[in-house]
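These notes are about the structure you will find just below.
The values are calculated or read from the model by the stated rules, or taken from the named source; none is laboratory data. No experiment lies behind these values; they were computed from the predicted model shown. Positions of Cβ are generated from backbone atoms using ideal geometry, with glycine treated the same way; all protein chains shown enter the neighbour counts. When the accessible area is computed, the model is the full protein with side chains, heavy atoms only, and any ligands, DNA or RNA have been set aside. Shrake-Rupley method; radii C 1.70, N 1.55, O 1.52, S 1.80 Å.
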Amino acid sequence: MQIAKIFAIKTIEKIMNTQQKLKSLEKCIYSWMARNGVTALRLSMGIVFFWFGFQKFFPGVSSAQDIATRTIEVLSFGIVPPALSMPLLAAWEVLIGLGFLTGKFIKATVVLLFLQMAGTFAPLVVFPAETFSVVPIVPTIVGQYIIKNIVLIAAGFIILAQHQGMLTVK
């Protein structure tokens with residue numbers, strides 16, 4: 001009976017010690033995430049914008065080419081033709097990507113991002129038949145592709161807030 005008690009106590013101590021070690025490890029992981037999360041977010045934004053923007057320099061490569069060129073043509077009242085809009089959009093997105101990748105000119109980069117996002121959401125209004133199965137409740141795959149960009153806007157908020165010193169880690 002005494003041996004069973006000792007064994008039970010030792011087992012409970014080991015479990016509690018393991019739980020404390022796991023909590024300490026968890027705290028270290030969260031601390032690392034807090035210190036590095038915004039940088040990871042900024043770099044991932046840079047990769048996405050550079051990658052997707054670079055594709056637009058090559059006609060027919062970007063899956064967004066058709067809707068992007070038609071949207072720009074409509075928004076510019078036909079002044080900016082597809083042959084001009086794709087290289088401009090490509091350069092714009094690559095510039096956003098480089099801004100996030102380098103961490104330079106973050107305020108200007110986020111402004112470019114927000115302006116680009118305004119154009120990105122325009123097809124929801126300009127081409128609702130292509131962006132929704134049931135307007136405005138059920139987006140098509142194109143609509144989903146556009147709507148998910150709200151996450152990029154939120155990422156821009158966080159990146160700029162940290163850059164301006166408004167986001168701190170405890």
(request) Considering every residue within region 23-37, establish whether at least one is closer than 24 Å to Gly97 by Cβ, in a helix (DSSP H, G or I) and open to solvent by less than 80 Å² (accessible area, probe 1.4 Å). (result) yes
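Yes/no per residue for (1) under 14 Å from Ser63 (Cβ atoms); (2) of a type in the set (Phe, Trp, Tyr):
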{"position": "Pro123", "(1), (2)": "yes, no"}
{"position": "Phe127", "(1), (2)": "no, yes"}
{"position": "Ser133", "(1), (2)": "no, no"}
{"position": "Ile137", "(1), (2)": "no, no"}
{"position": "Ile153", "(1), (2)": "no, no"}
{"position": "Ile159", "(1), (2)": "no, no"}
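Consider Ala40 carefully, then state whether it is surrounded by fewer than 14 Cβ atoms within 10 Å (Cβ to Cβ), modelled with pLDDT under 95 and assigned to a helix (DSSP H, G or I).
So Ala40 fails the test.
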(request) Could you tell me whether region 87-97 includes any residue that is aromatic (Phe, Trp, Tyr) and either at pLDDT below 95 or surrounded by fewer than 18 Cβ atoms within 10 Å (Cβ to Cβ) (or both)? (result) no
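Looking at Leu167, is it closer than 18 Å to Val48 by Cα and surrounded by 12 or more Cβ atoms within 10 Å (Cβ to Cβ)? Break it down into steps so the answer makes sense when it comes.
Working: closer than 18 Å to Val48 by Cα: no; surrounded by 12 or more Cβ atoms within 10 Å (Cβ to Cβ): yes.
Criteria not met by Leu167.
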(request) Give the residue, chosen from Gly143, Gly156, Gly119, that is surrounded by 16 or more Cβ atoms within 10 Å (Cβ to Cβ) and touching a residue at least 24 places away in the same chain (Cβ under 8 Å). (result) Gly156
(message) Going through Ala129, Ala108 one at a time, which residue ends up being open to solvent by 50 Å² or more (accessible area, probe 1.4 Å), of a type in the set (Gly, Ala, Ser) and under 21 Å from Leu41 (Cα atoms)?
(response) Ala108
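Conditions (1) among the aromatic types (Phe, Trp, Tyr); (2) touching a residue at least 60 places away in the same chain (Cβ under 8 Å); (3) out of contact with any helix residue (DSSP H, G or I) (no Cβ under 9 Å at 6 or more places or on another chain); (4) closer than 23 Å to Pro128 by Cβ, marked per residue:
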| position | (1), (2), (3), (4) |
| --- | --- |
| Gly60 | no, no, yes, no |
| Ile67 | no, yes, no, yes |
| Ile72 | no, no, no, yes |
| Pro81 | no, no, no, no |
| Gly103 | no, yes, no, no |
(request) Would you please name the residue that is surrounded by the most Cβ atoms within 10 Å (Cβ to Cβ), looking only at residues in region 45-58 that are free of Cβ contacts under 8 Å to residues at least 40 places away in the same chain and under 21 Å from Ala155 (Cβ atoms)? (result) Lys56
